[in-house]
Structure formats: C-alpha cells, structure tokens
Amino acid sequence: MVVCGDDALAHRLAAELHDVYRARVTVVIPGDVPLADPTGQPTAGWRAAGRTSALFGRFTAAVGRVPLPRPQTADDASPHGGVRVMEAPALDDEVLTEAGAEHATALALVHDDDETNIHAALRARRLNPRLRLVIRLYNRKLGQHLEELLDEAARVADPGIDAAELDATTTVLSDADTVAPALAATAVAGTSKVLQADGLLLRAAERTPPGPDEVARPGLCTLALLSSTTSDPGGSEGSDSSGDERPVLLPGDEDVAAATGRDTVVLEAISATGPPLPPRRLGSRRLPLASLFSRRLRWSVAGMAVAVLALTIVSWRLTGAGLLRAAYLTVLDVLAIDDPALDEPTGRKILQLLAGLTGLLLLPVLVAAALEALGTFRTASTLRRPPRGLSGHVVLLGLGKIGTRVLARLREMDIPVVCVEEDPGARGIPLARELGVPTVIGDVTHEGVLEAAKIQRAHALLALTSADTTNLEATLYARSVKPRLRVALRLYDDGFATAVFRTLRAAHPRALTRSRSVSSLAAPAFAGAMMGRQILGAIPIERRVLLFAALHVAGHPRLEGRTVAEAFVPGAWRVIALDAAEPADRRRDLAAAPPYDGAAQEPALVWDLHPGYVLRPQDRVVLAATRQGLGGILASATARRS
C-alpha cells in the first residue's frame, strides 16, 4: 500500500492500514530533506538514508501529536514490519516508481490540493492499470468525471480486467463529505450516529436499561455497551485503558444480559428515504421587502398612508365631492401641485394646509427609502450581519473545507446558522454570501466576536477551525456565557480530546459535549476503499469507531459456508444484512439513494436475518465491524488466497 499526503489524513490512514489491516505501507510526504523518526534515527527513504533531518518531526507536528508506527528499516525482515517513509518534492514518475506504485495493491492520494492528486492519479494509472486508486477530491462533480475517466483508462490499458475488479479500481472520496453529516447531526440532534443503506435511514440510538416493569424496545441489533462511566461526569468516554469500564462494541447476547445498568447502543431504522425531492436552490438572491427597507421606515410609510387616507375621507365628507375626486385632490395637496384654495370654503382651506404639512413629512421618508434601497443593493453582494432578534441558531466557527460542507448540510435542513470566520477570503465565504447566511468576520478568540454571533441565544456551537486551541478557547468562553450550550468541537489528538471531554462534562454535566476528529472519522472509509471494500458508514461510539461495510462472502473463510450465528464474532464483526438482489442487478454503491423511476421499489437489503441462514459464496452482506475486526477478516481472506 502506498499513501501520498501532506496532512493529518495521510498520517491517520497510514496508521489505519498498518495497525488494522496489517499491510505494508509506504508513505510519501512532501519535502526535500531526508527523514528521521521520532527517536531521531534516520528512516528509509528514496534519497540518501544517512543524512539527518527534521522533516519527519515537522510532518508529525503538522498532523498532530500521534506518532506513526515504527518506520521500516533494512534489518526488518517481517513482511508486515513498520511503515516506510519517503520524502519527495513532487509526485513524478520516478517517485511513484520508487514508492512501488507499479507493483502495489493500492495507492491513496490524499493531498489537500485537488490538482496535485489528479496529476498523480493520471501518472499512477499509466504506470499500473490494475492499481487500485483512492483519491481525495473536494470537488464532487470533478471527482465523478475523474473516476469514470480513470476506470475507462484501466479498461483500455487492460481489456482482460475483471468487471468486479474494475468496479473497485478507482474511488474518489472527500473527507469533508464523509464527516459533514455526522457533524451537522451532532449540532442539530445531538447525535452523529446516522447512516444510509439501500434507501433506508439507520440510526444508532442510545437506550437506557429498562425498569423492573418495562420491556426494552427491540432494534435491529445491539451495536455496543457504553462505558459504565457514561453517567459519571468525571468518567472517561470510550477509553480502552479503563478496563472493565470501557465500552464494548458488538457484544454477545450473554454480555448484554450480564451488563445490568449499562446503557446500550441499538441500531434502528428511522424511515425509507423515498423518491428524491425536486432540486432546489439552497438560497435565493431575491431581496424581500423586510431586507430592502428597515422596520422603522416601513412604519413611517404606513403612518403616512393612514394620514393621506384620513384626509381623503374628511375631504369627501366635508366637500361632498366624489370619493375618487377627494382622493385626487388630497394627493395633489400632499404633493403641493394643486392650486391654492383661495375661493374655497374654510374647511377646504384647512384640509389643504394639513395635506401640505403631511407632504412636508413625506419628503424625508421618501429620501430615506431611496437611500436605504440604494444601500441594500450596494451591499447585496456583501455578508449579512446577524439580525437582532435571532435565537435558536447554530454558531459555526470556521469556513474551511469542513465548515463549508457542514454549512451546506445545515442549510439543506433549513437550520438557522451564523458563521464566524477570521479570513475574509476563506473557502466558504462565497457560499455564505450566496445563501444569505449571517457571517461575522473576526478572530473568535477576540472579545466581542462570539457576542456578535448571538452566542448567548444560540442552540449549538460547532467549532470546526483547524486549530485545536482556537476551538477549545471558543468552547470554554461560549460555555461561560451559556453553560448549557450544546457543543461539538473538532480536535485532532485523541488524548487531548479525551481530557477536554472529561473536563467539560465535569464542569457542565447537563450540557451535551462532543469532540470529533475529522481525520479519524474519514480514515476508515479511505482505508476500506484501499482494501477494495465499500464502507457504508462509520458511526462513532464514544471515542471508538464502528464500521459498516458491504462485503462479498466469496473468499472469506470466516463467513463462507457458516451460518449467521456462527459468523458472529463478539467484539469483532457481525453480519447484520443480506443483499437479496441477483448479482447482476446489485447496485455498486449501497450508501447512495436508489434511482427513482416512479414505480415502487422493494429494498434489496434484508435486515432481519435468521441466525441459521447459511452464507453462500455468491452472497453480499452488510457487516458491522470494529476497525481491528474488519482488518482481521480481510487479512484472513488474503492469507487464504496466498
């Protein structure tokens, strides 16, 4: 396996492949200086290995404080030894060849720059048509076209390639798209445990133990036992070092029955997604009256209209003229374009004077309306400020790649949002301007910025900047303003995130707090794609991750020929659904909504599997597994083939 990247995702992905799937990994990171491991020893590289350097330390400092697995050395005879780390100024043909792309099983291109990944993908496909490519792209539409192009290139270069192998040849993923639904769900519903499979929306719901006279609500299956310290403000969340108090993923029936008093996580179906809704714009450029004119100006215009109407009625009654003539004369008097009423009765003269005074009052109102309309049109392309009476909204900190995707997801759900961004040229600023989302430009750590975002009346805070300290500082300050504010913050380091979580929960036990790592949530999906497996979703269970993968039974000795009950390994994996469609009719992506042609469609996945059902080689199943469990079952298949 070859991983090419320059940020936290590359670091996490290399560790995932090495620790979970036991694969030999070569990591190519940018730079022009030789490498050294965290102990200061030189690592293997494509340049001279004897020179010392600080690039590896710079790499780990950039992606966090979690060290990579032990680098591979020339004396390491184990086929599954450490990680080989290379540095190169650019991903040209020479570097890819030296990294082993010609003979590698898979290549992951996870640079933060789309153009770099595209150029490297085209070179790698030319070097090895059968190489499995996993490409990180932020541009979704471009990613679809690139996937089709690279698949066609593989087909032309190797006409004899198997159709099933071709399906897994190229996979384009976006870490922002992978984690945005979970982050948005955390802010809105307090949970990020949602996934979609075959048009069915599934949720991992937390259940408290039933009382003596209560019956537990059944679900599709029990996914986890939460840690026994969940209700303890000072307890850890999902720490594997907490002994018997740690969370248990995929427990057996005996473990569930014996774990009295512990909360459980049960998989349950929410609803079928149904036919797709007609496409609609996330925002509108139309300027409603409320934004064109201020409230005070609208009241002034209404008052003037009432005055003119009153003068019209009085003139009609007093002069005896028709209603239309009275209205016409009143308007002329207000605009001061009627002849003086010298020979008219006294009442008519008084009405004309009153109409003239009304006209004098109308003049500044008209001038103010013109100025406000001009100002509104001039600022139509600028960012909106949060309105005064706003409440119950989500404050989103950071409009980078992740924040932009989360903003789009929240607006799709019609959730009111106020954004805070320090850089006026950030990636998500144009989207916020187009959607008309109120945005505060400023450093969130400075006094008054969160107040400008109406944090005291907000429903939730999403701290998604790329700096851990900024997210933490903003969270602590927001909690001091509103102690029960729902908070989800983006943190890279797991140990740091655990300490932050415990502290915030101890200080505010009644407030919802979640800490999420974008790279740790996205890495399992990228690693599964590199192994040629489709990851339907990743659900966080406290500080651990449970994966849902679509898997063909053929070639897996732990599944093939076994019953559903026999294939269940507590704590590792569990078969939860069967694809009942014929092999030729199966959809490639079970996570996507099925195509809608106007007719009722039966779901292909069968969830209530009988424990005695025997898994056949032609079956495709949905597997719930831990990262280590999925790596183990794939490793057993690899060992069987070899």
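The values are calculated or read from the model by the stated rules, or taken from the named source; none is laboratory data. Please read all numbers here as calculations on a predicted model, not as lab measurements. When we count neighbours, we look across all protein chains shown, and the Cβ atoms used for this are built from the backbone with ideal geometry, even at glycine. Heavy atoms of the whole protein, side chains included, go into the accessibility calculation; ligands, DNA and RNA do not. Shrake-Rupley method; radii C 1.70, N 1.55, O 1.52, S 1.80 Å.
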*With every protein chain present, what is the per residue accessible area of the range 386-465 (1.4 Å probe, Å²)?*
37
*In terms of modelled amide H atoms, which long-range or inter-chain residues lie less than 5 Å from the amide H of residue 514?*
487, 488, 489
*How high is the relative contact order of the range 314-354, given as a whole-number percent (alpha carbon pairs under 8 Å, six or more residues apart)?*
38
*Exposure of residue 337 as accessible area (Å², to 10), given a probe of 1.4 Å and all protein chains*: 110
*Using only alpha carbon pairs under 8 Å that are at least six residues apart, calculate the relative contact order of the range 380-523 and give it in whole percent.*
22
_Taking loop as defined by DSSP and a crowding limit of 14 other beta carbons within 10 Å, which trypsin sites (Lys or Arg not before Pro) in the range 419-511 fit?_
484, 510
*Using a 1.4 angstrom probe on heavy atoms only, work out the carbon and sulfur share of the accessible area of the range 345-493 in %.*
59
_Cleavage-rule hits (GluC sites (Glu not before Pro)) in the range 423-476: DSSP loop, at most 13 neighbouring Cβ within 10 angstrom_ = 447
*Ranked by accessible surface with a 1.4 Å probe, highest first, in what order do 316, 573, 299 come?*
299, 316, 573
*Determine the dipole magnitude for the range 329-481: charges of +1 sit on the beta-carbon of Lys and Arg, -1 on that of Asp and Glu, nothing else is charged, the reference point is the Cα centre, and the result goes in debye to the nearest 20.*
580
